[in-house]
Amino acid sequence: MAENPCLPKLARIVDIVEMTPIEKLFRLEFVDEEDAKAFNFKPGQFVEVSVFGVGEAPISICKSPTRPGPLEILVRRVGRVTNALHRLKPGDLVGLRGPYGNGFPMERMKGFDILLVAGGLGMAPLRSVLQYAIDRRDEYGEAILLYGVRSYQEALFKERVIELIEKPEAARFKTFLAYERDDPVFDKLREKHPENVRKGVVTVLFECADPYIKPEKMCAVICGPPIMYRFVLKELVKRNFKPDRIYMTLERRMKCGIGKCGHCVVGGATSIKYVCKDGPVFTYSDVLSTRGLV
Ligand SMILES: Cc1cc2nc3c(=O)[nH]c(=O)nc-3n(C[C@H](O)[C@H](O)[C@H](O)COP(=O)(O)OP(=O)(O)OC[C@H]3O[C@@H](n4cnc5c(N)ncnc54)[C@H](O)[C@@H]3O)c2cc1C
Ligand code: FES
């Protein structure tokens, strides 16, 4: 009999890093070596993580497959499952199903410059693309990161982001940061690097990055809160990015994660999409042809 695809594999939490007051980075290792060997993922894919006795939640994989070591996921606590995850300790066990979803088309992006636009927690799946593009630098052109956060306290991987701005020669790509609330660390960084750091929402960074944005040889990759997409898409369309070279990863309420339950279906008569199976990565062309995707 075929194995039940919804049966989770056991994984152990090997490390937990507190990133912000509401977000933690979990490092996980499969208990069974065979499960670890069979787990091959792409940037932009997600896993269903279960806390036993509580439930499961879809969470993006937050590292690149080019990096060895434990699987990394970054979890914001918002409800039942994510709060239960935050209560776990190193050594505790969780269930993992996946990897699921289409992921970013890293093959199709080869040879192009990559513009990454991340808002808040959107940094989690985009970190995977960024690491991948850095590790396979010869296969891609220039990489540019526009990262928007509300405050210093809420910024993810902030030490690394600051380092990338302070030492651009070591970074091999250009980093721009926008923040909304006054903060001594970010204010000082802005004074030192006014060309890279701005007050405001992520879209204010387009102006700083414009000299490096080359839509004719560039793919854009976006992830952030739902409100962000409309404004970022407007900036990209204004700069004549081709709709099928704008990729974005979207979230919907999910159950099965594998196209069986219908929870994540969007669209109408002309185009129906399962966000879990056809996505979570979609192009702007998909958005234009599918009602309710963004
Ligand atoms: C493909 C995909 C990738 C994701 N990646 C990440 C990630 O990397 N890190 C991360 O922290 N979260 C991620 N999420 C969101 C995460 O799945 C939800 O926050 C989680 O399922 C909430 O479960 P819960 O039981 O803790 O909350 P619940 O108790 O179910 O809900 C708590 C509150 O959050 C709201 N809520 C729950 N899920 C969603 C959702 N998907 N969209 C909007 N509102 C929601 C509910 O309406 C409610 O108000 C991802 C979601 C998807 C679909
Ligand atoms: S989550 Fe079940 S069909 Fe997408």
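The values are calculated or read from the model by the stated rules, or taken from the named source; none is laboratory data. The structure displayed is predicted, hence computed values, not measured ones. When we count neighbours, we look across all protein chains shown, and the Cβ atoms used for this are built from the backbone with ideal geometry, even at glycine.
The set of residues in the range 1-56 being β-branched (Val, Ile, Thr) and exposed (fewer than 14 other Cβ atoms within 10 Å of the Cβ) consists of VAL17, VAL31.
Okay, residues lined up against (1) in the same structural domain as SER289 (by TED's automatic domain parsing); (2) surrounded by fewer than 18 Cβ atoms within 10 Å (Cβ to Cβ); (3) within 17 Å of ASP286 (Cα to Cα):
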residue: LYS214; (1), (2), (3): no, yes, no
residue: LYS217; (1), (2), (3): no, yes, no
residue: GLY257; (1), (2), (3): yes, no, no
residue: VAL275; (1), (2), (3): yes, no, yes
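Among the residues of the range 266-294, those identified as β-branched (Val, Ile, Thr) and either more than 17 Å from the chain's Cα centre (by Cα) or within 16 Å of ligand 2 (Cβ to nearest atom) (or both) are VAL266, THR270, ILE272, VAL275, VAL281, VAL287, THR290. Only residues that are in contact (Cβ under 8 Å) with a residue 40 or more places away in the chain and within 16 Å of LEU28 (Cβ to Cβ) were counted across the range 77-113, and they come to 15.
Considering each residue of the range 235-256 in turn, at least one proves to be near ligand 2 (Cβ under 8 Å from one of its atoms), part of a loop (DSSP other than H, G, I, E, B) and not charged (D, E, K, R). Filtering the range 81-102 for residues that are assigned to a loop (DSSP other than H, G, I, E, B), of a type in the set (Phe, Trp, Tyr) and out of contact with any Leu (no Cβ under 6 Å at 6 or more places or on another chain) leaves an empty set. Just one of the listed residues (VAL232, VAL221, VAL266) is outside the structural domain of LEU74 (by TED's automatic domain parsing), within 29 Å of ILE144 (Cα to Cα) and within 16 Å of ligand 1 (Cβ to nearest atom), namely VAL221. Taken together, LYS188, LYS174 contain a single residue that is surrounded by fewer than 14 Cβ atoms within 10 Å (Cβ to Cβ) and over 17 Å from PRO225 (Cβ atoms), which is LYS188.
Looking at ALA155, ALA118, ALA143, ALA124, can you tell me which residue is closer than 30 Å to ASP187 by Cβ and in contact with an Asp or Glu (Cβ under 8 Å, 6 or more places away or on another chain)? Matching residue, one of ALA155, ALA118, ALA143, ALA124: ALA143. Going through (1) free of Cβ contacts under 8 Å to residues at least 24 places away in the same chain; (2) in a loop (DSSP other than H, G, I, E, B) one by one, ARG291 falls short only on (1). Against the test of being assigned to a strand (DSSP E or B), within 25 Å of GLU56 (Cβ to Cβ) and at pLDDT below 95, the options LYS260, LYS273 yield a single qualifying residue, LYS273. Checked against (1) more than 16 Å from ligand 1 (Cβ to nearest atom); (2) under 15 Å from the mean Cα position of the chain (by Cα), ARG172 passes all but a single condition, namely (2).
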